[in-house]
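Worksheet: the structure to be examined is printed underneath.
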Amino acid sequence: MTIFALGVNHKTASVELRERVAFSPEQLHSALPALREQTGVQEAVIVSTCNRTELYCHGEASLDLLTGWLAGYHGIPLQQLREHSYGYQDGAAIAHLMAVASGLDSLVLGEPQILGQVKQAYQFARNQTSVGSVLERLFQQTFRVAKTVRTETKVGENAVSVAFAAVNLARQIFAELPESNVLLVGAGDTAELVAQHLTEYGVKHLMVANRTLTRAATVAEQFGGHAHTLGELQDLLPKADIVISSTASPLPIIGKGLIEHALKQRRRQPMLLIDLAVPRDIEAQVNELADAYLYTVDDLQGIITENLRNREEAAAEAQGIIQEHCDAFLAWLRQLSHVDVIRDYRQRIEAMAAEQLQRAQKQLAAGKDADAVLSEFSQRLTRQFLHQPTRLMRAAGATGDQHTLALFQQLIADDE
């Protein structure tokens, strides 16, 4: 019985292939039972996100079988999937799952969202009765590992994206960030991500200014803000404690004069300006103004580089935690197999003894001599006990299987 992990992720495959391999929530309802029907698959969990699709199985299957099933289900050429997938067994599969859940295998090292996605996949499989005792214990231990990694290392503490770094910088400068007035200039993907982080930190006063009001309204409504056009900047800037700009303009749209005017209306209350655009949205001369603090994407990049280095150090520490728990799970798995073998062996011997005892009792009840019955009972039971070991030893001797012969020698050796 083996634990398997088969997957495709952002490191091994293009977006196009990842999209083809992904399972929609509707597909999972049919895919999981179909996977369970494959020969040798006893338990299964499917993890499917925008950056990865992974199968976790327990049973007597093989990675080739799982790869063939995944390719067939999505109509992908088998060779193409083989070239862009990865597969692990037992210890490597267990360590991989724990690393994934801990955020160590993510596009952004240490991101926390993947743990929730793995938990959701596990719960879905559990509801589908696709999780048995082995995967149940494995996933529960994995969740404990992920929590330990979060609490005992700094793998998720430091910002490693421009949007998150910008918000963290604002948090450091404005202790009361939730009460600050924030102006987002631009409404693209970066601005939307900034808005998401700001909302997570409790910001209540958000203004979104964009070239088109429709797009500004889309972002503003999503995060409880107010939409404006770029033509309103002169009126908006005096109200803003924090300005984060990320447009695609080829020329600066916020000049020194605009900020100078805003500061006068603010009665010299300081402003934090973070320019995430390339080319720049905010004129560099703004930094010459007292009470205006301008940071560019280059300034943030230095922070990100340092934070990424710190995360990588924490990730190395996390790998030690994962290895420790992986070893513990493998020890439990080996013990489980050992207990099963002993149980099956004892049940077989007890069944043999019960059968011969019942035969002897019937002979005694029929009036047969007790000594003769006991002698026959002993001989028949001994022959049954020795039949299979003798057959295996003869076969080992004929093939020169020294390992098996040594095991039998150890079995019959005098303990003293």
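The values are calculated or read from the model by the stated rules, or taken from the named source; none is laboratory data. Model, not experiment: these values are computed from the prediction. Here Cβ is always computed from backbone atoms with ideal geometry, including for glycine, and neighbour counts include all displayed protein chains. Ligands, DNA and RNA are excluded from the accessible area calculation, which covers all protein heavy atoms including side chains. Shrake-Rupley method; radii C 1.70, N 1.55, O 1.52, S 1.80 Å.
Over segment 62-132, the fraction of Cα-Cα pairs per 10 Å bin, rounded to whole percents and listed from the shortest bin up, is 17, 34, 44, 5. Dipole check for the chain: with +1 at the C-beta of Lys and Arg, -1 at the C-beta of Asp and Glu, and the Cα centre as origin, the magnitude is about 800 Debye.
Normalising by residue count, segment 269-416 has a Cα convex hull of 315 Å³ per residue. Summarising the label geometry, the points placed 7 Å from Cα in the beta-carbon direction at A372 and H261 lie 12.2 nm from one another. Rg/Rh for segment 339-416 (Cα atoms only, Rh after Kirkwood) is 1.11.
Computed extension length for R343-I412: 22.8 nm, one decimal, from 0.36 nm per residue of separation with the Cα-Cα distance subtracted.
Per residue, the convex hull spanned by the Cα atoms of segment 127-192 measures out at 175 cubic angstrom.
Hydrodynamic analysis of segment 30-101 uses the Kirkwood radius over alpha carbon pairs. Inserted into Stokes-Einstein at 25 °C and 0.890 mPa s, it gives a translational diffusion coefficient of 193 µm²/s. Between Q113 and A290, the C-beta separation translates, for a Förster distance of 56 Å, into a calculated FRET efficiency of about 0.85.
Do you know the relative contact order of the chain, to the nearest whole percent, from alpha carbon pairs under 8 angstrom that are 6+ apart? Over the chain, the number comes to 12 percent.
In segment 299-378 the Cα-Cα distances spread across 10 Å bins starting at 0 as 15, 18, 14, 13, 11, 9, 8, 6, 5, 2, 0 percent of all pairs. Segment 302-317 and segment 164-215 have their alpha-carbon centroids 25 Å apart.
Please work out which option in (i) 31.9; (ii) 20.9; (iii) 18.2 gives mean projected area of the Cα convex hull in nm² calculated from these coordinates, and answer with its label. So the calculated entry is the one marked (i).
Solvent-free Debye calculation, one equal scatterer per alpha-carbon of segment 94-169: log10 I(q)/I(0) at 0.18 Å⁻¹ equals -0.73.
Is segment 158-270 rounded, prolate or oblate when judged by the Cα gyration tensor, a ≥ b ≥ c being the square roots of its eigenvalues, rounded requiring a/c under 1.5 and prolate requiring a/b larger than b/c? Judged from the Cα gyration tensor, segment 158-270 comes out rounded (a/c under 1.5). With R₀ fixed at 60 Å, the C-beta to C-beta distance from L357 to K204 puts the FRET efficiency at about 0.15.
Projected onto their three principal axes, the Cα atoms of segment 213-284 cover extents of 32, 26, 19 Å, largest first.
Once the gyration tensor of the Cα atoms in segment 18-143 is diagonalised, the equivalent ellipsoid follows with semi-axes of 20, 18, 15 Å, ordered largest first.
Apolar share of the accessible surface for segment 313-416: 55 percent from carbon plus sulfur atoms, 1.4 Å probe. By DSSP, the beta bridges lying fully in the chain are antiparallel in about 45 percent of cases.
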